[in-house]
Structures are given as C-alpha cells and as structure tokens.
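The values are calculated or read from the model by the stated rules, or taken from the named source; none is laboratory data. No experiment lies behind these values; they were computed from the predicted model shown. No Cβ is skipped: glycine too gets one built from the backbone with ideal geometry, and neighbour counts run over all protein chains shown.
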Amino acid sequence: MEIIIVESFDEAGDVAAGIVARAAETDPELTLGLATGSSPLSAYRALSARVDAGLDLSRASAFALDEYVGIPADHPASYHEVIRLEAVLPLRLDPARVRVLDGRAADLAVECEDYEQAIRDAGGVTVQLLGIGTDGHIGFNEPTSSLASRTRIKTLTTRTRLDNARFFDSPDEVPRHCLTQGIGTILDARKLVLVASGDHKADAVAAAVEGPLSAFVPASALQLHADATVIVDEAAASRL
Ligand code: GLP
C-alpha cells in the first residue's frame, strides 16, 4: 500500500485525479469505479479541470459503489443523483455507460447479481475511487462485513446513518438499508485509490493502514491489494 500525505483536501484531489487521468490516457475505454460522499469531491473537481483541458472520458464506463434502498433515483441524497451531479456532468461521462445500483429494484438480490455480471462484462474496474467512513467502512461495507463479500443488501449502522443525516432533511429520513459492492468486489479492481480528509477520519485511517487486517475495519482489506494508494491530508494522517 502506498500512503501519500498531502497538505490539503484539494491537493489530495489533484493526486487522485492524476492517477485516474494517467489510466484514462493509457486506456480511453477504461472502467472507473466511482465513490460518493464528500471524500472524492476534490478528485472530481480536479478531474473536471483536466477534462476542460482536453482529457476525454467520454468512452469510459463507470460503476458506482453503492446506493440507498428505497429512495427515488431523483432524491437529492440518492447516489444516482450524486453521481450524476458530481461525476457524470462535470467529467462529461456518457450517461449510458454509467451504472448505479437500483435501490428500488423489485428483486434486490437479482439487481446485485446483475451488477456483478455487468462489472465482469465490462472487463472489471480499472481504477476504483474510495472514501472511508468514520467506522472504517468502504462503500457501505460496515464493520464485520466479510472481506470476501460480493454486491448485496446491507443494514446501515446507526453511526453511518447519523454521519449521512446531513444529506437528508432529518436523521429519520436516512434509509436503514443499502446495496453495496462487497469488499471482495472492490478488491477485484485493478487499482484502488482511497482519499481521506479531516481529523474525524484519523482513527479510521490509522486502523485501516497500520492496524491488523480485520473485518472490524473493512478498509484494512486494502492491505490485501497489490496496487492500493491511500491519499490523506495532514489531519486525516494525524494518528499515523
Ligand atoms: C458513505 C459512503 C461511502 C463513503 C463514506 C464516507 O456512507 N457510502 O462510500 O466513502 O460514507 O463519506 P464522506 O466521504 O462523506 O465522509
């Protein structure tokens, strides 16, 4: 695992965007793994600037990590909407090549199986962007998720629901369930890039990077990956 400590969130985004841009220049038809939440936002901003300067991502495919169960795709907090506004539009991705799990599918188990198949059909994920939850989760793989897990329905922890309540009108509105790529699914990506910013992430980053490999800290699974880069600002690196 490569750990890159930078001064600011913006600088973290620049470094992450550089990794994605190099992969896209090598293979314009690459498959991007897109994350939601605050962590990838500076990377999307920096990538958007590169797109404005000529980087072409229009032939890339993309898969989002996770989605809430039960809220409509156009709900402002749904990851369909977040991915559309934060990634598809600014990065000028082709919406037809971008897939987000459908948290309102009639059969959620079938939706998860189809998603795994679609990733395989796309040739696997070339570069997967990741954030990290304050409890060490990646995607929505909460502590105790199997390190070999595949895309499936999960129950959100109270802590994650409270962390994400800022995106909803009230904490009660945060869904209790989600669909998420599994840790095993995430580890199949050829390159992992995790961005963390702020001192509220410092404990999770230290546990993931320097702690034992453990299902109690899902992000520690990055220790198993041959090409994982963790980009942290000084606050998030403060317990390393
Ligand atoms: C959310 C998302 C994760 C994200 C994490 C951190 O619940 N499902 O993919 O990495 O929690 O969020 P943030 O970056 O906003 O701190």
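Below, the figures for the structure above:
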quantity	calculated
Residue match in the stretch 26-43 (condition: in contact with a His (Cβ under 8 Å, 6 or more places away or on another chain) and modelled with pLDDT of 95 or more)	no
Flag for residue 131 being touching a Leu at 6+ places or on another chain (Cβ under 9 Å), of a type outside the set (D, E, K, R), touching a residue at least 60 places away in the same chain (Cβ under 8 Å) and crowded, with 17+ Cβ neighbours inside 10 Å	yes
Residue 93, sole failed condition from (1) buried (at least 22 other Cβ atoms within 10 Å of the Cβ); (2) within 15 Å of the ligand (Cβ to nearest atom); (3) in a loop (DSSP other than H, G, I, E, B); (4) of a type in the set (A, V, I, L, M)	(2)
Subset tally (residues that are within 18 Å of residue 229 (Cα to Cα) and polar (S, T, N, Q)) for the stretch 177-204	2
Any hit, the stretch 178-190, residues being more than 12 Å from the ligand (Cβ to nearest atom) and farther than 20 Å from residue 101 by Cα	yes
Answer residue from the stretch 31-56, given it is in contact with a strand residue (DSSP E or B) (Cβ under 7 Å, 6 or more places away or on another chain) and hydrophobic (A, V, I, L, M, F, W, C) and is farthest from the ligand (Cβ to nearest atom) among those	32
Tally, over the stretch 193-218, of residues that are crowded, with 24+ Cβ neighbours inside 10 Å and either in contact with a His (Cβ under 7 Å, 6 or more places away or on another chain) or not aliphatic (A, V, I, L, M) (or both)	3
Unique match (being of a type in the set (S, T, N, Q) and crowded, with 17+ Cβ neighbours inside 10 Å) among 61, 8	61
Test: residue in the stretch 72-81 that is among the small types (Gly, Ala, Ser), at pLDDT 95 or above and crowded, with 24+ Cβ neighbours inside 10 Å	no
Flag if residue 103 is of a type in the set (Gly, Ala, Ser), within 16 Å of the ligand (Cβ to nearest atom) and modelled with pLDDT under 95	no
Failed criterion for residue 136 (all others in (1) of a type outside the set (Val, Ile, Thr); (2) at negative phi; (3) within 16 Å of the ligand (Cβ to nearest atom) hold)	(2)
From 56, 10, 14, residue being in a loop (DSSP other than H, G, I, E, B) and not β-branched (Val, Ile, Thr)	56
